[in-house]
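Sharing a structure here in structure tokens format.
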Amino acid sequence: MPTMTVTDAVSAALAEEMRRDPTVLLMGEGVATKRLPLVEEFGAPRVRNTPLAEGIIAGTAAGAAATGLRPVIDLLFAPFLTYAMDEIVNSAGKLRYISGGQFAFPMVVLAQTGAGWGVGAQHNHNNEAWFVHSPGLKVVMPSNPADAKGLLKAAIRDDNPVLFFTDIGLAYADGPVPDGDAVVPLGKAAVLREGADVTLVSYAKTVHGCVQAAARLAEAGIEAEVIDLRTLKPLDEDTILRSVRKTGRLVVVHEASRMCGVGAEIAALVAEKAFGSLRAPVVRLTGPDAPAPASYPLEQAFVPQAEAIESAARGLVEGR
Amino acid sequence: MTSDTLIQALERMVLIRAYEDTLVGLHGQGRAAGTCTSVGQEASAVGVVSALSSEDLILTNHRSAGHLLARGADPGRLMAEVMGKRDGYCKGKSGSLHIAAKEIGVVLTSTIVGGELALATGVALSRATLGGEGIVVCFFGDGAACEGRFHESLNLAALWNLPILYVCENNQWQAFVHRKETTLADSVVPQAAALGMDGKSVDGNDVEAVQAAAAEAVAAVRRTRKPFLLETRTYRLRGHFEPDDQSYVDPSELEQWRGRDPIAVLRARLERDGLLSMGEADAIEARARGIMESAVAFAEASPYPGAEDLTRDVYA
Ligand SMILES: Cc1ncc(C[n+]2csc(CCOP(=O)(O)OP(=O)(O)O)c2C)c(N)n1
Ligand SMILES: [Mg+2]
């Protein structure tokens, strides 16, 4: 299996989907500059640098999506999505419903976020839950290059607007990526490790903290099940509930802030549908209610780390 | 315009007026929700839409009845939509504020002021990419021109040669705020020029002038595949959203524009020139009232959507 970074996996998925479907096009500030091979293969009309104006980029994508194209737009960093909120949330997310189903919006919005580059709060804001909360949208956030490629392919083929967040901290991490048309379906979580004692649910970079924690827990005789959500909406409720019914213990981990984050939804889901299986309260490990700092030690402190995950899981199992 | 097309224009304008007056009446009786009427702006809608061909696509906003009816929308289905009924163009999910009717080429109506400006570029990009003769017409208000998206949209359309006819319906009002309170500019047209786009301002209460300017602009967009900005100077004779007592409106300004009511002006002209008798003109109005009676009956008889529709059409 070839090895590549998340960044290259995104390019590979774009190239394969543009080859497969002539209606797929890419737009954004610098996409034609930074992804020159795509321009060379598919031509300037399908790989378009845009003016510096996120709102009109997203609106153009929504208008084009509703009338026959499948645009992918790169809005660079997640905080910049605020300039495109109307087009994403009010137009792409609602105009299908409002119109009684007359339109569909097959479009993908790419944005990076998360700790790793010390870029501070106006470039790093894990705001994925905003979009999970908005009807009509789907939200994806992969943890590794293979999923980045396979999920992006699925997102491009999906007939709904998909927010596709990539984690800055994982952008240049290598990983194996299967050759060929390996589509990872939206809405399906991955069970990265099976275990009967405690369930660790996460997505994006904190998945790796969970995997590390699970390895250490195993040394202590505690078997943790690690679930990588991959897609935040639609949420793979079945995989979460099946696991919690087995283990009776749940730690949800994400970098985004706690209040009304995806972890809150998962805790509520488990309280509603698997309460009888719980042997301990659900624990959430999340970023604080604070903007993301630039300073390296603070940026790291923002993100739940393997030690904290291990200790939380141990606490649940040992009844502390 | 020939005398026949002028009479057709009058018929359409009268139909729009009758539709909106009927809805105002129904609202007063608690039989329909309030609406944003375009009373006084009928010449702008009819003049522009009559210059289009069937493959052209229209984007519009909250004040859309004129555009929809000029395009041939069925008044009964429009009323059903306003009443939230299943036979409305959007199955009752839109209400009056964002009625799209894809089957007649009215797409992606948005009531976020400026929303349609951001979507029009994408619709035009599809047209340019997938081929076809059609152009895109984007109606928006003078208030929308105060949004940043106005600049963003025109800039991108000019840069990418997108076939869009932008139509700014400058009705002097932005909800409850007069245009003079929001901008020093008398016209939006110079903003097009600043971005390398051609534009023109026209008397929006003279249907013949609007039609002529629109026909010329449409031909230019078709020929050059470049965007064009047309401003129609008109006036919102009723309030922003029914009910609205217009107590904030300068009475002398309102009187002045009432004297220029586009329907009265056209009717008087046709009668004066001997193109239409008073009896014929009255018959046009009576016909429109008859159409509205059937439309109301159709809309009121239409069922409400069922509970199962609450979560239908969220996702494709
Ligand atoms: C983004 C946004 N802000 C405010 C409103 C409330 N609103 C609806 S229509 C309107 C006035 C719009 O003025 P204009 O664009 O001139 O259109 P007109 O109503 O005069 O046709 C306002 C403020 C809205 N719908 N969307
Ligand atoms: Mg206005």
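What follows draws every value from the coordinates through simple rules; no lab data is involved. Note that the structure is a prediction, hence the values are computed from the model and not measured. All Cβ positions, glycine included, derive from the backbone under ideal geometry; neighbour counts span all protein chains shown.
Just give me the residues in the stretch A:65-88 being in a helix (DSSP H, G or I), among the aliphatic types (A, V, I, L, M) and facing chain B (nearest Cβ under 10 Å), in sequence order. Break it down into steps so the answer makes sense when it comes.
Quick first cut of the stretch A:65-88, residues in a helix (DSSP H, G or I) only: A:65, A:78-88.
Narrowing the set further to residues that are among the aliphatic types (A, V, I, L, M) leaves A:65, A:78, A:81, A:84-85, A:88.
Of everything in the stretch A:65-88, those that are in a helix (DSSP H, G or I), among the aliphatic types (A, V, I, L, M) and facing chain B (nearest Cβ under 10 Å) turn out to be A:ALA65, A:ALA84.
Mind listing whichever residues of the stretch B:135-162 are within 15 Å of ligand 1 (Cβ to nearest atom) and assigned to a strand (DSSP E or B)?
Matches in the stretch B:135-162: B:CYS138, B:PHE139, B:PHE140, B:GLY141.
Oh, and also: Tell me which residues, restricted to the stretch A:109-129, are more than 14 Å from chain B (Cβ to nearest Cβ) and either free of Cβ contacts under 8 Å to residues at least 12 places away in the same chain or among the aliphatic types (A, V, I, L, M) (or both).
Selection gives A:LEU110, A:ALA111, A:ALA115, A:VAL119, A:ALA121, A:ALA129.
Among the listed residues A:LEU25, A:LEU52, which satisfies the condition of being in contact (Cβ under 8 Å) with a residue 40 or more places away in the chain and not in a helix (DSSP H, G or I)?
On the way: A:LEU52 fails: in contact (Cβ under 8 Å) with a residue 40 or more places away in the chain.
After ruling out the rest, the residue left standing is A:LEU25.
Same structure again: Just checking, how many residues over the stretch A:54-64 are touching a Gly at 6+ places or on another chain (Cβ under 8 Å) and within 7 Å of chain B (Cβ to nearest Cβ)?
If we filter the stretch A:54-64 for residues that are touching a Gly at 6+ places or on another chain (Cβ under 8 Å), which is where we start, we get A:55, A:57, A:59-64.
Okay, now just the ones that are also within 7 Å of chain B (Cβ to nearest Cβ), so A:55, A:59-64.
Result for the stretch A:54-64: 7.
Answer yes if at least one residue in the stretch B:247-254 is within 16 Å of ligand 2 (Cβ to nearest atom) and surrounded by 15 or more Cβ atoms within 10 Å (Cβ to Cβ), and no otherwise. It would help to see each step written out before you state the result.
Of the residues in the stretch B:247-254, the ones within 16 Å of ligand 2 (Cβ to nearest atom) are B:248-250, B:253-254.
Filter once more, keeping what is surrounded by 15 or more Cβ atoms within 10 Å (Cβ to Cβ): B:249, B:254.
Yes, the stretch B:247-254 contains a residue that is within 16 Å of ligand 2 (Cβ to nearest atom) and surrounded by 15 or more Cβ atoms within 10 Å (Cβ to Cβ).
A:ALA62 is checked against (1) away from ligand 1 (no atom under 16 Å from the Cβ); (2) in contact (Cβ under 8 Å) with a residue 60 or more places away in the chain and fails just one. What number does that condition carry?
(1)
Let me ask you something else. Suppose we filter A:PRO51, A:PRO45, A:PRO71, A:PRO37 for residues that are surrounded by fewer than 19 Cβ atoms within 10 Å (Cβ to Cβ) and touching a Leu at 6+ places or on another chain (Cβ under 7 Å); which single one remains?
Values: A:PRO45 fails: touching a Leu at 6+ places or on another chain (Cβ under 7 Å); A:PRO71 fails: surrounded by fewer than 19 Cβ atoms within 10 Å (Cβ to Cβ); A:PRO37 fails: touching a Leu at 6+ places or on another chain (Cβ under 7 Å).
Exactly one of A:PRO51, A:PRO45, A:PRO71, A:PRO37 is surrounded by fewer than 19 Cβ atoms within 10 Å (Cβ to Cβ) and touching a Leu at 6+ places or on another chain (Cβ under 7 Å), namely A:PRO51.
Scan B:VAL48, B:VAL107 and give me the residue that is within 10 Å of the chain's Cα centre (by Cα), crowded, with 24+ Cβ neighbours inside 10 Å and among the hydrophobic types (A, V, I, L, M, F, W, C). Working first, answer last.
Working: B:VAL107 fails: within 10 Å of the chain's Cα centre (by Cα).
Just a single option satisfies the conditions, and that option is B:VAL48.
What are the pairs with Cβ atoms under 9 angstrom where one residue, in the stretch B:255-275, is over 15 Å from B:ASP206 (Cβ atoms) and the other, located anywhere, is in a helix (DSSP H, G or I) and of a type in the set (S, T, N, Q)? Sequence gap at least six, or different chains.
What qualifies is B:LEU275/B:SER3.
Sticking with this one: Can you report the number of residues in the stretch A:89-108 which are without any contact (Cβ under 8 Å) to a residue 60 or more places away in the chain and either of a type in the set (A, V, I, L, M, F, W, C) or in contact with a Leu (Cβ under 9 Å, 6 or more places away or on another chain) (or both)?
12
Scan the stretch B:143-182 for residues that are within 16 Å of ligand 2 (Cβ to nearest atom) and either on the phi > 0 side of the Ramachandran plot or among the aliphatic types (A, V, I, L, M) (or both) and jot them down.
First, pick out the residues of the stretch B:143-182 that are within 16 Å of ligand 2 (Cβ to nearest atom): B:143-147, B:149-150, B:166-182.
If the condition is that a residue be within 16 Å of ligand 2 (Cβ to nearest atom) and either on the phi > 0 side of the Ramachandran plot or among the aliphatic types (A, V, I, L, M) (or both), then B:ALA144, B:ALA145, B:VAL167, B:GLN172, B:ALA175, B:VAL177 are the ones that fit.
Further, regarding this structure: Does the stretch B:202-224 include one or more residues that are away from ligand 2 (no atom under 11 Å from the Cβ) and within 14 Å of another protein chain (Cβ to nearest Cβ)?
no
Given the conditions (1) buried (at least 23 other Cβ atoms within 10 Å of the Cβ); (2) away from ligand 1 (no atom under 16 Å from the Cβ); (3) within 14 Å of chain A (Cβ to nearest Cβ), and given that B:LEU165 satisfies all but one, which numbered condition is not satisfied?
Only one criterion is unmet by B:LEU165, namely (3).
Yes or no: B:LEU184 more than 14 Å from ligand 1 (Cβ to nearest atom), within 14 Å of chain A (Cβ to nearest Cβ) and farther than 22 Å from B:VAL46 by Cβ? Steps first, please.
Values: more than 14 Å from ligand 1 (Cβ to nearest atom): yes; within 14 Å of chain A (Cβ to nearest Cβ): no; farther than 22 Å from B:VAL46 by Cβ: yes.
Judged against the criteria, B:LEU184 is not a match.
Next up: Considering only the stretch B:93-136, state which residues are within 9 Å of chain A (Cβ to nearest Cβ), in contact with an Asp or Glu (Cβ under 8 Å, 6 or more places away or on another chain) and among the β-branched types (Val, Ile, Thr).
B:ILE99, B:THR109, B:ILE112, B:VAL136
Another one. Wholly within the stretch A:234-308, which helices (runs of 4 or more DSSP H) include no fewer than the required count, namely at least 1 residues that are touching a residue at least 60 places away in the same chain (Cβ under 8 Å) and touching a Leu at 6+ places or on another chain (Cβ under 8 Å)?
Details: elements: A:237-247, A:262-273, A:296-302.
The helices (runs of 4 or more DSSP H) meeting that bar are A:262-273.
Same structure, new question: Answer yes if at least one residue in the stretch B:137-151 is surrounded by 24 or more Cβ atoms within 10 Å (Cβ to Cβ) and at the interface with chain A (Cβ under 7 Å from one of its Cβ atoms), and no otherwise.
Yes; the residues of the stretch B:137-151 include at least one that is surrounded by 24 or more Cβ atoms within 10 Å (Cβ to Cβ) and at the interface with chain A (Cβ under 7 Å from one of its Cβ atoms).
Tell me which residues, restricted to the stretch A:94-125, are crowded, with 23+ Cβ neighbours inside 10 Å, touching a Gly at 6+ places or on another chain (Cβ under 7 Å) and assigned to a loop (DSSP other than H, G, I, E, B).
A:GLY114, A:ALA115, A:ASN124
Output the number of the condition that B:VAL202 fails; it satisfies all remaining conditions of (1) among the β-branched types (Val, Ile, Thr); (2) more than 17 Å from the chain's Cα centre (by Cα); (3) more than 16 Å from ligand 1 (Cβ to nearest atom); (4) not in a helix (DSSP H, G or I).
Failed condition: (2).
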